[in-house]
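Below is one structure, written out as structure tokens, with a few remarks after it.
All of the numbers you see were taken from the coordinates with simple rules; none came from a lab. Because the structure is a prediction, the values reported are computed rather than measured. Cβ placement follows ideal geometry from the backbone for every residue including glycine, while neighbour counts extend to all protein chains displayed.
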Amino acid sequence: MRREWFIALLPLTLGVSFLSIGVYGLRRAKALRLNGVTAKGRIVRHQLVRSDEGAKFYHPVAAWTAADGQSCEHSSRFGRVRVGNRFGVGAGVTIRYDPQTPRRFEIEGWDTPVVDRLFTVLGAVFTGGTVLAVLIGWIVTL
């Protein structure tokens, strides 16, 4: 196999990975919109996560009571560098959660589909561009 084929594996792998992550996130958000239950909750603390480069990301931890009376407290999957007053500790928030698996939830106004859309678009561009480049290279060699 020629070297160009191996070089094409990197953007193809990145593209498929990004596309998978983005589509998963968008499907998860859609399922919450369609089947999720809304509850009132509070931000009880912020979970600090540091990146390898030293950046700090704050993930709000929300607490709420599910419809079945179960107490829930989970960290958002999205973190931000700054937390405004709207999502500060003690702030009241609206939670949309999966009644079957309450750890699948979103905080309205915090968890947005922008990141998932970005991953989907980048994944599609990388995957489509790589497949197109490989096809053009294959046609030219015929």
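Placing unit charges on each Cβ (+1 for Lys and Arg, -1 for Asp and Glu) gives the stretch 55-139 a dipole about its Cα centre, and among T120, A67, A55 the Cα reaching farthest toward its positive end belongs to A55.
With a cap of 16 neighbouring Cβ atoms within 10 Å, and only residues DSSP puts in a loop, list the trypsin sites (Lys or Arg not before Pro) found in the stretch 1-63. Here the trypsin sites (Lys or Arg not before Pro) that fit, given the DSSP loop and packing criteria, are R2. Scaled against 2.2 N^0.38 Å for its residue count N, the alpha carbon radius of gyration of the chain is 1.39.
Here the Karplus relation 6.51 cos²θ - 1.76 cosθ + 1.60, evaluated at θ = phi - 60°, turns the backbone of the stretch 121-134 into coupling constants of 5, 4, x, 5, 5, 4, 5, x, x, 5, 4, 4, 4, 5 Hz, with x for every Gly and Pro. Note on the chain: with a GNM built from Cα contacts shorter than 10 Å, the maximum mean-square fluctuation among G41, G69, G25 falls on G69.
A DSSP coil position with no more than 15 other Cβ atoms inside 10 Å describes the following GluC sites (Glu not before Pro) in the stretch 53-138: E53, E108. Basic side chains Lys and Arg get +1 at the Cβ, acidic Asp and Glu get -1 at the Cβ, and with that the dipole of the chain about its Cα centre reaches some 220 debye. Within the chain, DSSP assigns beta bridges of which about 100% are antiparallel (rounded to the nearest 5). This model, with +1 at the C-beta of Lys and Arg and -1 at the C-beta of Asp and Glu, gives the stretch 49-125 a dipole about its Cα centre of some 240 debye. With K and R counted +1 and D and E -1, the other residues having a Cβ less than 10 Å from that of Y97 yield a net charge of +1.
When +1 charges are put on Lys and Arg Cβ atoms and -1 charges on Asp and Glu Cβ atoms, the dipole computed for the stretch 1-73 relative to its Cα centre reaches about 180 debye. Loop-located trypsin sites (Lys or Arg not before Pro) in the stretch 69-142 (DSSP state other than H, G, I, E, B) with a sparse environment of at most 11 neighbouring Cβ atoms within 10 Å: R82, R103.
Using a Gaussian network model of the chain in which every pair of alpha carbons under 10 angstrom is joined by a spring, one finds that among G129, G92, G54 the greatest mean-square fluctuation is at G54.
Students often get this wrong: which residues of the stretch 108-139 have the backbone nitrogen under 13 Å from the point 7 angstrom along Cα-to-C-beta of L26? Those under the cut-off are 113-125.
The value of relative contact order for the stretch 28-142, using C-alpha pairs under 8 Å at least six residues apart, is 25 percent. Give me the angle, in degrees from 0 to 90, between the Cα long axis of helix 3-35 and the longest principal axis of the Cα atoms of the chain, rounded to the nearest 10. It works out to around 30 degrees. Can you give the Kirkwood hydrodynamic radius for the stretch 82-142, in Å, rounded to one decimal and based on Cα pairs? In the stretch 82-142 this quantity evaluates to 15.5 Å.
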